[in-house]
Amino acid sequence: MTIEDFDVMVATAEHAKFAEEICKEMAESAKARGTGIAKRSPEYVASKMRDGKAVIAFHKDGRWAGFSYIETWGHGDYVANSGLIINPLFRKLGLATVIKTKTFALSIKKFKGAKLFGLTTGLAVMKINSELGYVPVPFSELTDDEAFWEGCKSCVNYPILVSKEHKNCLCTGMIFDPAHQELRVDIDEILSKTTFSEKPTQSLNK
């Protein structure tokens, strides 16, 4: 099995039926890793699909393979690529990098000039972010939108965040600022190599 065996696309309302399965896997994956996660409901994930703010992947045989979504904060000045999850059957094939890169490109296309950021405890995600040009930053450099931090309440590590007065936690904060003068990636090149097809796959008939 190789990365060519997968279709990665912008999610649409037709993919909403996979929201419950995706949320279940997010929760189980976090539990298996022993890390925290800001829980999202199937309704929330489905809304991202309907709004064209998510990327989903399927194996050629129609099985759901991976997912990620976009959220905006601070009136669109900050954009988070969140909820990256890969079906356990398809891990360690490079699919996370493909999904993350497409979500990154979609964010830049939809929200020009916005700062992209994220919080993660996963080494693999940190590595992918770094390759895309993200840099580690203190929490003070992230959005001050209270709604974002409210989302952390469902994380098992939230008491730590509160005790640290939102200055740090077990997660690492990372940010990509397109206005920075020392970007390590070529945005135009990434966009030129990324397609944003929303064509349904055979999985919709399953």
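The values are calculated or read from the model by the stated rules, or taken from the named source; none is laboratory data. From a predicted model like this one, the values you see are computed outputs, not experimental measurements. Please note: Cβ atoms are built from the backbone with ideal geometry, for glycine as well, and neighbour counts cover all protein chains shown. Note: accessible area is taken over every heavy atom of the protein model, side chains too, but ligands, DNA and RNA are not part of it. Shrake-Rupley method; radii C 1.70, N 1.55, O 1.52, S 1.80 Å.
At a glance:
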| read-out | value |
| --- | --- |
| Stretch gain in nm, segment Arg50-Lys24, where the contour uses 0.36 nm per residue and the Cα spacing is subtracted | 7.4 nm |
| Label zone at His180 (point 7 Å along Cα-to-Cβ), backbone N below 18 Å, region 71-97 | 77-82 |
| Calculated from backbone phi, Karplus (6.51, -1.76, 1.60) coupling profile of region 78-89 in Hz, x at Gly/Pro | 10, 10, 10, 9, 10, x, 4, 9, 10, 4, x, 5 |
| Quotient of C-alpha Rg and 2.2 N^0.38 Å, computed over region 1-88 | 1.09 |
| Accessible surface of Met1 - all protein chains present, 1.4 Å probe, nearest 10 Å² | 120 Å² |
| Accessible-area composition of region 44-189, carbon plus sulfur, in percent [1.4 Å probe] | 53 percent |
